[in-house]
1. Using only the C-alpha atoms of segment 75-123, find the volume of their convex hull and express it per residue in Å³.
2. Please figure out what share of the DSSP beta bridges in segment 70-190 is antiparallel and state it in percent, rounded to the nearest 5.
3. For a label point 7 angstrom out from the Cα of Leu175 toward its Cβ, which stretches of segment 120-145 have the backbone nitrogen within less than 15 Å?
4. How large is ³J(HN,Hα) for each residue in segment 126-133, as worked out from phi by the Karplus curve 6.51 cos²θ - 1.76 cosθ + 1.60 (θ = phi - 60°), to whole Hz, x for Gly and Pro?
5. Below 12 angstrom from the Cβ of Thr102, what's the summed charge of the other residues (Lys, Arg +1; Asp, Glu -1)?
6. Would you mind counting up the charge near Leu87? Only other residues with Cβ under 14 Å from its Cβ, with Lys and Arg at +1 and Asp and Glu at -1.
7. Quick one: Kirkwood hydrodynamic radius for segment 1-156, alpha-carbon pairs, angstrom, one decimal?
8. Rounded to whole Å and sorted largest first, list the principal axis extents of the Cα atoms in segment 5-78.
Amino acid sequence: MPDDTVLTAEPRSDRGSGAAGRLRREGRLPAIVYGLGGDTASVTVPTHDLDLILTHGVNTLITLRLDGDDQLAMARQVQRHPVRGDLVHVDFIRVRTDVAITAEVALHLVGEAEGTKSGGVVDQQLFSLHIEAMPQNIPTGIELDISALEIGDHLRVSDLSLPPGVATDIDPETLVVTVAAPRVAAAEEGEGEEGEAAEGGAGEASAESESASDGNGDASNEG
């Protein structure tokens with residue numbers, strides 16, 4: 001992961017949506033800082049600078065410089081405008097390099113599954129992983145090579161290669177990705193099975209009918 005980045009924060013006293021909107025127009029983002037038993041502080045940070053830092057990943061270590069005091073922190077609860085995508089608010093949590101924390105990291109599929117060459121469809125079912133690690137050991141993401149997967153193959157959490165010092169409490173049997181058969185082929189296979197079942201049913205019905213006829217014939221002969 002990238003080295004921790006310095007971000008200068010300023011104390012914030014004005015509250016309310018009006019004050020927050022004015023700060024955003026001035027290029028500053030309302031934020032709070034909390035954690036490690038310290039008081040919660042209301043601050044502002046340069047929106048552009050934080051946006052650049054977040055391009056390295058939301059779990060990037062940040063040296064938050066406030067009133068001449070440097071605090072190691074990470075961004076949490078990053079809020080963006082639902083349409084424009086602009087930063088609206090962010091929470092910073094204070095961290096220490098000797099205290100483990102939890103985080104969500106993205107799972108990235110790497111390579112082209114062999115099964116897709118035969119029409120298979122890659123179906124990713126888990127997109128992020130809940131982990132625990134020291135702040136400096138938290139990866140920006142975890143890669144999973146799927147190039148060897150054929151149709152019908154799958155990979156689970158137990159197949160992930162976690163970096164040293166990183167652990168997860170997610171069930172190892174949880175599916176991450178599968179390579180499914182082409183939808184058309186799957187549909188045709190299903191229709192074929194239904195057809196066979198219908199033919200079998202018709203054959204049984206015919207046999208029962210013949211048996212009933214034989215029974216009637218025997219009764220007539222006895223009479």
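1. Spelled out: Cα convex hull of segment 75-123, divided by residues, is 161 Å³.
2. Looking only at bridges with both residues in segment 70-190, the antiparallel portion is about 80 percent.
3. Output list for this probe position: 121-127.
4. For segment 126-133, the Karplus curve yields 10, 10, 8, 10, 7, 10, 9, 6 Hz.
5. Numbers: positive: Arg76; negative: Glu104, Glu132, Asp169.
Within the 12 Å Cβ shell, the charges total -2.
6. +1
7. 17.7
8. 30, 29, 23
The values are calculated or read from the model by the stated rules, or taken from the named source; none is laboratory data. Everything numeric here is computed off the predicted structure, so don't read it as measured data. Note that we place each Cβ from the backbone using ideal geometry, even for glycine, and neighbour counts take in every protein chain shown. Ligands, DNA and RNA are excluded from the accessible area calculation, which covers all protein heavy atoms including side chains. Shrake-Rupley method; radii C 1.70, N 1.55, O 1.52, S 1.80 Å.
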